[in-house]
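A short worksheet on the structure shown next.
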């Protein structure tokens with residue numbers, strides 16, 4: 001494929017994705033703002049949470065903490081309580097720590113450079129680039145696993161090296177459309193370009209997608225037939241940590257943990273308590289615990 005043909009194919013693909021998104025994109029609450037703090041919160045919320053659920057939680061969280069200063073001034077206990085139901089509670093502590101640095105080092109304004117953003121607690125390269133693209137409309141590609149899959153299947157050659165992917169993906173961002181492009185690729189990945197059973201026939205990229213043009217698209221899917229099924233959730237440490245934090249959210253102060261929880265022994269509970277204390281979420285006094293700042 002000559003460079004001119006490749007550029008034309010990419011231009012057609014970009015227009016198709018943006019047109020489809022304009023007509024069919026998910027109407028999520030945080031897509032109605034470009035406020036950098038609001039976007040940063042939305043991206044942290046969405047790291048391990050489905051988009052629709054994250055949008056609902058984002059509305060509540062932003063009502064309580066509309067600025068970095070509001071989170072920075074709150075106790076860890078207050079922020080962890082506001083995080084109820086979202087899981088991966090370390091994100092709440094990291095977001096509060098990020099807000100403190102934003103206030104202390106950036107005058108209460110979310111920074112607008114990649115280096116400054118990734119220096120914030122809990123903010124990795126993807127989240128930083130998403131903030132740059134969505135809040136500041138910078139021409140950078142936010143490559144989470146879903147966007148990486150869409151771009152890799154549809155718009156790039158099959159032999160692209162991982163180290164080249166970011167630069168090539170940055171070059172695909174349409175001029176002045178970084179925010180819409182990011183949201184659009186997220187939605188295409190969620191609705192059509194799924195890891196299993198992709199809906200290639202309905203995808204807006206179908207006429208220009210290298211992957212959809214293969215005779216047997218499903219044959220190219222990455223599989224892991226040797227993978228073991230995951231353990232039942234209630235038997236996991238993550239479940240136990242969630243139950244501990246839920247109990248502490250409802251407690252006004254110190255709470256005793258003298259017994260096991262669910263199928264987890266007293267020793268398991270105390271091991272999780274110790275880990276939560278190390279991570280800065282709780283204070284521990286022998287068998288008693290409370291959220292930090294309660």
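Conditions (1) under 18 Å from the mean Cα position of the chain (by Cα); (2) over 25 Å from residue 28 (Cβ atoms), marked per residue:
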position: 77; (1), (2): no, yes
position: 100; (1), (2): no, yes
position: 111; (1), (2): no, no
position: 146; (1), (2): yes, no
position: 155; (1), (2): no, no
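Looking at 27, 19, just one residue is over 27 Å from residue 275 (Cβ atoms) and either without any contact (Cβ under 8 Å) to a residue 12 or more places away in the chain or not in a helix (DSSP H, G or I) (or both), and that residue is 27. If I ask for residues that are part of a helix (DSSP H, G or I) and surrounded by fewer than 17 Cβ atoms within 10 Å (Cβ to Cβ), which ones from the range 30-46 would you list? Scanning the range 30-46 gives a single hit, 32.
If you go through the range 254-270 and keep only what is more than 30 Å from the chain's Cα centre (by Cα), outside any helix (DSSP H, G or I) and modelled with pLDDT of 90 or more, you end up with 254, 255, 256, 257, 259, 260, 263, 265.
Meeting the requirement of 1 or more residues that are over 24 Å from residue 53 (Cα atoms), the helices (runs of 4 or more DSSP H) wholly within the range 66-183 are 68-73, 90-106, 114-118, 125-136, 145-154, 162-172. Can you confirm whether the range 200-218 contains a residue that is modelled with pLDDT under 90, surrounded by 11 or more Cβ atoms within 10 Å (Cβ to Cβ) and assigned to a helix (DSSP H, G or I)? Within the range 200-218 (the criterion being modelled with pLDDT under 90, surrounded by 11 or more Cβ atoms within 10 Å (Cβ to Cβ) and assigned to a helix (DSSP H, G or I)), the answer is yes, since at least one residue qualifies. Across the range 271-282, the number of residues qualifying as closer than 22 Å to residue 252 by Cβ and at pLDDT 90 or above comes to 5.
Do we find that residue 251 is under 20 Å from residue 84 (Cβ atoms), more than 27 Å from the chain's Cα centre (by Cα) and modelled with pLDDT under 90 in this structure? Considered against the rule, which asks whether it is under 20 Å from residue 84 (Cβ atoms), more than 27 Å from the chain's Cα centre (by Cα) and modelled with pLDDT under 90, residue 251 comes out as yes.
The values are calculated or read from the model by the stated rules, or taken from the named source; none is laboratory data. Computed from a predicted model, the values in this text were never measured in an experiment. Please note: Cβ atoms are built from the backbone with ideal geometry, for glycine as well, and neighbour counts cover all protein chains shown.
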